[in-house]
Amino acid sequence: MQFQQLQYFVAVAETRHFTRAADLVHVAQPSLSQQIKALERELGADLFLRARGNITLTDAGEALLPLARRILADADTARHEVQELAQLRSGRVRLGATPSVCTGLLPDVLRAFHDRYPGIRLLIEEGGSHDLVRELARGALDLALVVLPLPTPSPALTTVELLREDLVMVSSPDAAAPGRGRTVRIADLEGERLVMFRHGYDLRELTVAACRAEGFEPDFAVEGGEMDAVLGFVRAGLGVAVVPRMVATRSGRGLRVTPLARPGLHRTIALAHRSDVAPPRAARELQRMLLER
């Protein structure tokens, strides 16, 4: 019994016509008929009752049809899986992430992914959540790590919560720390000079909103920087900044790290992709590693 013979058999069973079945599987009708007869000889039973203009299945044909369909479906699944595994030897993953996530979360995960799949190119785009959502929507990214809630909720995106992270205050060890004790309140930042991220940065909006909720406008010593620049300005003593704990832990050399007093500030990081298009196989593997980290 040959795989091709089962394909021809199913085609005839579904079309109930040898010529149409031959067209469906792109083979000459005499060749298809010969293969069906060879299959019947192999099985020792007729599969079709042949009458002019009327092709029907015999009992043997009825018994074989669901088994043949299952064999063909399993073969197709096997082919698809092998092809996708082969794709992990080469290709690319286009991943977007906010700069703070690039600094804090991604290095270890990307190293593990690269060690396992060295042939996959990793293309990283840094940006704010608003920009990353737009890039996802237009198909320029496969996955994106964004901060929830999204600036503009999009039904075309699927998001999976990855982690909830505390924010902390960083300051220069040579400068007096705001507040008293081992924690600092948002209210203690009134009158303090802040090193502030550029517009469109999720951390900027979160910090400014927290200050306004306490009844004051924050005072900026420097504003407009990305994460590395902000940390550098704080180390130089230009002011204090509110950053994710993960970033402070990784980049805290030369910085004083002070937790925020309860209830504190938090942010939720989610993994997002388009709802209408499944990410490529390599991107799904990176997604799995991020979720299982």
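The values are calculated or read from the model by the stated rules, or taken from the named source; none is laboratory data. Since the structure is predicted, the reported quantities are computational estimates derived from the model, not experimental observations. No Cβ is skipped: glycine too gets one built from the backbone with ideal geometry, and neighbour counts run over all protein chains shown. Quick note on the areas: whole protein, heavy atoms, side chains included, nothing else; ligands and nucleic acids left out. Shrake-Rupley method; radii C 1.70, N 1.55, O 1.52, S 1.80 Å.
Figures for the structure shown
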quantity: Residue of V208, V25, V133 that the Gaussian network model of the chain assigns the largest fluctuation, springs spanning Cα pairs under 10 Å; calculated: V25
quantity: Angle between the chain longest axis and helix 3-15 axis [Cα atoms, degrees, rounded to 10]; calculated: 80
quantity: Under-5 Å amide H pairs with V184, H placed in peptide plane, nonlocal only; calculated: L260, A261
quantity: Part-to-part distance (alpha-carbon centres) for region 198-230 and region 155-176, which is given in Å; calculated: 13
quantity: Considering only the chain, percent of DSSP beta bridges that pair antiparallel, nearest 5; calculated: 60
quantity: Net lengthening on full extension, Q83/M1 (0.36 nm per residue, minus Cα-Cα); calculated: 27.0 nm
quantity: Value of [θ]222 nm, deg cm²/dmol, for the chain, DSSP H segments ≥ 4, -39500 (n - 2.57) each, nearest 500; calculated: -13500 deg cm²/dmol
quantity: Computed magnitude of the charge dipole of the chain (debye, nearest 20; Cβ of K, R +1, Cβ of D, E -1); calculated: 380
quantity: Cβ-based net charge around S100, under 12 Å, with every Lys or Arg adding one and every Asp or Glu removing one; calculated: -1
quantity: With every protein chain in place, the chain: carbon and sulfur % of accessible area (1.4 Å); calculated: 49
quantity: Phi-based couplings in Hz for region 222-233 (Karplus 6.51, -1.76, 1.60; Gly and Pro marked x); calculated: 9, 9, x, x, 8, 4, 4, 5, 4, 5, x, 5
quantity: Spacing of the two label points (7 Å from each Cα toward its C-beta) at V25 and R116, in nm; calculated: 4.0
quantity: Fraction of beta bridges assigned by DSSP in region 171-293 that are antiparallel (%, nearest 5); calculated: 10
quantity: Under 13 Å, Cβ to Cβ, from A213 - net charge with Lys/Arg +1 and Asp/Glu -1; calculated: -2
quantity: Accessible area per residue, Å², the chain with all protein chains present, probe 1.4 Å; calculated: 53
quantity: Simple label model, 7 Å out from Cα along Cβ direction - E205 to T183, nm; calculated: 2.7
